[in-house]
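The values are calculated or read from the model by the stated rules, or taken from the named source; none is laboratory data. Since the model is a prediction, treat every value here as computed from it, not as a measurement. As a convention, Cβ positions derive from the backbone with ideal geometry for all residues, glycine included, and neighbour counts pool all protein chains shown. Protein only, heavy atoms only, side chains kept; ligands, DNA and RNA dropped before computing areas. Shrake-Rupley method; radii C 1.70, N 1.55, O 1.52, S 1.80 Å.
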Amino acid sequence: MRIIKDIREMQKFGNENRQSGKTIGFVPTMGYLHEGHVSLIKLMRQKCDVLVVSIFVNPAQFGPNEDFEAYPRDFQRDEELCKEEKVDIIFYPDAEQMYRKPYLTHINVEKITETMCGISRPGHFQGVATVVGKLFNIVKPHYAIFGKKDYQQAVVIKQMVKDLNFDVEILTGPIVREKDGLAMSSRNKYLSEKDRKKALILNKSLHVARNLYEEGISSPGMVKMQMEQYIRNEEGVVIDYIAIVDAEDLKPVKEIDKNTLIALAVYVGDTRLIDNIIIGR
């Protein structure tokens, strides 16, 4: 396995492998890898000749009062994990290279970023789209994969790739959960033992929604109300949003039917967590 920190070197590597007919698979991450990331790496390893994992905590997608400085980092641990999974390249740039001053160019995907996480995290998806666009131009992948836990992010990236004609196919991998149902996330590290138990409310509330649908309740308003009531019974948990939308375009649905995404974000103590399910498929 090779670690590349220089953008030009990474571009050269990508170009050479494309020209030689090798297929490049790409797993973009912010590091502090967990089994969710590993599942994406394993899926991509089966798809490509050359596997690249990027590790870059992107400052552009954090708001001024968010956790950029505190975001967990452990490159040595990530490196060992990538070796175990037979990753070929870790691309590990720094922010000074990625955003040379003055930096004046951004990618803004409209409409689908103006709902859900886009409301409570203004500018977040502009930062995500910009860095992913840059990474695609640097790594030169044929395939890139994103996890479905960050469902809105995957929709945004797919739209960007379509609109800007990036020569890359976007794949998605399923949510990976702990044994008790909590969706794996690097931010789970922030949770105290007490808050870790409270965080199970996300997955449990999604099961409430699924059960209501299976009982014949298809009203988004009714399902949302029941989820809100269920979550508010857990002290110290604050709802950011609950969204019941079409899984393709993220528009609110009038009735839960085919391909409906139910997504939520809550604060457990000071930690913001997200989760989702698709029902009616």
### Task
Taking each pair of different alpha-carbon atoms in region 1-131 once, compute 1/r for the pair, average those values, and report the inverse of that mean as the Kirkwood hydrodynamic radius in Å to one decimal.
16.2
### Message
Per q in 0.23, 0.26 Å⁻¹, report the Debye log10 I(q)/I(0) for region 197-236, using one uniform scatterer on each alpha carbon and no solvent.
### Response
-0.69, -0.83
### Task
Would you work out what percent of the accessible area of the chain, with all protein chains in place, is carbon or sulfur (probe 1.4 Å)?
46
### Query
Pairs K149/K194; K162/K254; K86/K258: which exceed 32 Å Cα-Cα?
K86/K258
## Note on the structure
Per the 1/(1 + (r/R0)^6) rule, R0 = 41 Å and r from the Cβ atoms of E228 and R77, FRET efficiency to 0.05 is 0.60
### Net dipole in debye of region 93-180 [+1 Lys, Arg Cβ; -1 Asp, Glu Cβ; about Cα centre; nearest 20]
40
### Query
Between R45 and A70, what is the spin-label point distance in nm, taking each point 7 Å from the Cα along the Cα→C-beta axis?
3.4
### Message
I'd like to compare 37-44, 240-247: which one has the highest average count of other Cβ atoms within 10 Å, and what's the full order after that?
### Response
37-44, 240-247
### Query
If you place +1 on the Cβ of every Lys and Arg, -1 on the Cβ of every Asp and Glu, and leave all else neutral, what size is the dipole of region 184-242 about its Cα centre, to the nearest 20 Debye?
280
### Message
Largest first, please: the extent of the C-alpha atoms of region 112-247 along each principal axis, to the nearest Å.
### Response
47, 36, 28
### Message
Could you tell me the calculated FRET efficiency between K258 and N211, based on Cβ-Cβ distance and R0 = 25 angstrom, to the nearest 0.05?
### Response
0.85
### Message
Over region 212-281, what is the relative contact order in percent, taking alpha-carbon pairs closer than 8 angstrom and at least six residues apart?
### Response
27
### Message
Under 20 °C and 1.002 mPa s, how fast does region 60-172 diffuse according to Stokes-Einstein, given a Kirkwood radius computed over C-alpha pairs? Answer in µm²/s, whole number.
### Response
137
### Summary
Length gained if N137 through D240 is fully extended, taking 0.36 nm per residue and subtracting the Cα-Cα distance, is 33.7 nm
### Leading residue at positive end of dipole, the chain (Cβ point charges), from V266, T130, L191
T130
## Note on the structure
Rounded to the nearest 0.05, FRET efficiency between I3 and L200 (Cβ-Cβ, R0 25 Å) equals 0.10
### Message
Need one number: convex hull volume per residue for the chain, Cα atoms only, in Å³.
### Response
134
### Query
Taking a 30 Å limit on the Cα-Cα distance, which of the listed pairs K83/K189; K5/K204; K148/K189; K42/K111 fall beyond it?
K5/K204; K42/K111
### Task
Report, in debye and to the nearest 20, how large the dipole of region 129-281 comes out about its Cα centre when Lys and Arg carry +1 and Asp and Glu carry -1 on their Cβ.
360
### Query
Is region 178-263 rounded, prolate or oblate when judged by the Cα gyration tensor, a ≥ b ≥ c being the square roots of its eigenvalues, rounded requiring a/c under 1.5 and prolate requiring a/b larger than b/c?
prolate
#### Entry: Distance between modelled label sites at E16 and K162, nm, 7 Å Cα→Cβ extension
3.7
### Summary
note: region 130-189, Cα-Cα separations exceeding 15 Å make up a percent value of 55
### Query
In whole Å and largest first, what semi-axes does the C-alpha gyration tensor of region 1-65 yield when each eigenvalue is scaled by 5 and square-rooted?
24, 17, 9
